[in-house]
Structure formats: structure tokens, C-alpha cells
Amino acid sequence: MSSRTPMIAGNWKMHKSGTQAIEAAERLKTLVKAASGVDIMIAPTFTALFQVGQVLKGSPIALGAQNMHWEQQGAFTGEISADMLVDAGCSQVIIGHSERRQYFGETDETVNRKIKAALQAKLTPVFCIGETESQRLAGETFSVLDKQVRNGLKDFVFSDLGNLVVAYEPVWAIGTGQTATREQAQEAHENIRSLLETLFNKDLASSTRILYGGSVKPDNVRALMEMPDVDGALVGGASLDPDTFSKLVFFNEN
Ligand code: PGA
């Protein structure tokens, strides 16, 4: 049993209007009232952040954003800075999600800049990495993860990264219903943790939470969470319904 506090995070992606987001946050707040020993985060769309933040006040649910820009301000039409996220009530931000890498040109370099800017603004970065199906089939999983971690965390020293959360999300498992087996997740997480030790130190490696993401559901969360290096879940589809998401929060009771 590790000393890392488990974390269950919901990525709402481009779903829910402001009203729907408020309703879901209110319901979730009630449902997880009794939760203890677990960190909870939800990441609504930008336009719902402020309102959801108001709802979450006084609750143990942290507010996260799904993306940000690395500059503090300026002529960057359509972008949002880390300080703006803090101003809206966020304490966390998802960075480098595979959908951003796949559809919006996110690279290891932009991910690295964003992590830097997030840390500077005291936001907890949830740093996403993961291989595609063809990379896995070609036996490249660990070299892909290695490169993503090295490049994403380039130029940091261990003392910068006390807040870092890593999310291992195999692209082939996201939104497909094809969850990684718990052995596959454990193997990847163990690999990532030992790379953190190589790049930084043992303390950082053993304190950093590594979440698994990709078709996590109430019926598979517990088995995943039983693995020694799986410290939580980053959840898309199953986070949209508060009743389902709350079952993930209470993963121990499933
Ligand atoms: P999923 O998404 O749970 O719908 O597979 C996970 C994610 O994209 O973070």
C-alpha cells in the first residue's frame, strides 16, 4: 500500500452547457460528501469553470481546466492563461491530453512550456502521456513514454515538481471501451516511476501520483486501483454522470 493519496479526476471534455455543468457539480458535491482519503477533481469546459468553481466552494472537489496557454497574456486569440484559470477558481490543469496532441498540434515542447507556466501560477499540472495503438503493436510503448516524459519535463529540477501528477492514458483505450488490463497499466506506471527516479530522484518518483486513464468504469476501477503503481484515474465518459463518477470516487466500496 503506497502512501500516495489516491486521486479520481473527471475530464468533461467538450460536454455540458453552463446549466448542465452546475447541475452535475451540485449533484456530485452531495454524492461525495462522505468521501475521505481520496482527492477528487473535475475539469469542465472553460466557459463553465467560474460557475462550477462557485458551486464547489467549501467542497473537497478541486476544479481543473482541460488546457491552457503558456504565455501570461498577450495577443493570442482564443487562448487562456494559467493566471486566468486561477482567477476562475482552478487549482489544477490537464496538460498534453492525447486529444490535444492528436487534433490541436500539441507537442512535447508545448507541453513542457505549459507545465512550466502552470507551476509558476501554482496550478497542479496533470501531465498526460500515452502511446497509440500502432506504437504499442510495434513494441514502442516504453520508448514513446520515455520520450514524452523526458521532453515534457525537460529543464525541471525535482524541487519544481512536488505537485506534478502524471496521467498514463494509452490512446487506444480512450473512449473505446477497451481498457488496458491492470497488468498493462501497472507495467507502464512502474516504468514511468522508474524513469522519474532516473531523471530526478527516488523521493519524487515515490511521491508522484500516476493516474491511469482510458475507459475507466465503475466495474474496472477497483482492479486497476489495486495495482501498486496505479494511484488514481483520469476519467472521460464515466465522469459525465455524477452518479457513475461518484462510484469511481468510492472505488474501494465497488
Ligand atoms: P475515457 O477518457 O474515460 O472516456 O476513455 C479518458 C480521458 O480521455 O481522459
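The values are calculated or read from the model by the stated rules, or taken from the named source; none is laboratory data. Just so it is clear, the model here is predicted, and its values are computed rather than measured. Note that we place each Cβ from the backbone using ideal geometry, even for glycine, and neighbour counts take in every protein chain shown. Note: accessible area is taken over every heavy atom of the protein model, side chains too, but ligands, DNA and RNA are not part of it. Shrake-Rupley method; radii C 1.70, N 1.55, O 1.52, S 1.80 Å.
Taking 170, 218, 228 in turn, the Gaussian network model of the chain (Cα-Cα springs below 10 Å) assigns the largest fluctuation to 228. What residues from the range 202-223 fall in the zone where the backbone N is under 20 Å from a label point 7 Å along the Cα-to-C-beta line of residue 31? It comes to 212-223, nothing else. The accessible surface of the range 7-253, taken with every protein chain in place and a 1.4 Å probe, is 50 percent carbon and sulfur.
Only Lys, Arg, Asp and Glu carry charge here, each on its Cβ (+1 for the first two, -1 for the last two); on that basis the range 50-163 has a dipole of about 220 debye about its Cα centre. On full extension, the segment bounded by residue 223 and residue 178 gains 14.7 nm, given 0.36 nm per residue less the C-alpha separation. In straight-distance terms, cross-link reach from residue 147 covers every one of the lysines whose alpha-carbon lies under 28 Å from its own, apart from those fewer than eight places away in the same chain; here that gives 13, 114, 116, 122, 202. Of the chymotrypsin sites (Phe, Trp or Tyr not before Pro) in the range 38-139, which ones lie in a loop per DSSP and count no more than 16 other C-beta atoms within 10 Å? Sites meeting the loop and neighbour criteria: 76, 104.
Each principal axis of the Cα atoms in the range 1-115 has its own extent, and those three values, largest first, are 43, 39, 23 angstrom. Helix content alone sets the calculated 222 nm mean residue ellipticity of the chain: runs of n ≥ 4 DSSP H residues at -39500 (n - 2.57) each, divided across all residues, give -12000 deg cm²/dmol. Computed from the C-beta positions of residue 134 and residue 159 and an R0 of 41 Å, the FRET efficiency is 0.65 to the nearest 0.05.
Can you tell me how the range 72-214 classifies by the Cα gyration tensor, rounded, prolate or oblate, using a/c under 1.5 as the rounded cut? Taking the square roots of the gyration eigenvalues as a ≥ b ≥ c, the range 72-214 is oblate.
Restricting the chymotrypsin sites (Phe, Trp or Tyr not before Pro) of the range 173-254 to loop positions (DSSP other than H, G, I, E, B) with no more than 10 neighbouring Cβ atoms within 10 Å leaves nothing. At a probe radius of 1.4 angstrom, the accessible area of the chain per residue rounds to 46 square angstrom. Accessible surface of residue 209, taken over heavy atoms with a 1.4 Å probe and every protein chain present, rounds to 50 Å².
Let me make sure I get this right: for the chain, a, b and c are the square roots of the gyration tensor eigenvalues over alpha carbons, sorted descending. Under 1.5 in a/c it's rounded, otherwise prolate if a/b > b/c, else oblate. Which is it? Verdict is rounded for the chain.
Would you mind classifying the range 210-254 by shape? Square roots of the alpha carbon gyration tensor eigenvalues, ordered a ≥ b ≥ c; an a/c under 1.5 is rounded, otherwise it is prolate if a/b is larger than b/c and oblate if not. It is oblate, given that a/c is not under 1.5 and a/b is not larger than b/c. Each Cα pair under 8 Å and six or more residues apart adds its separation to the average, and for the chain the resulting relative contact order is 21 percent.
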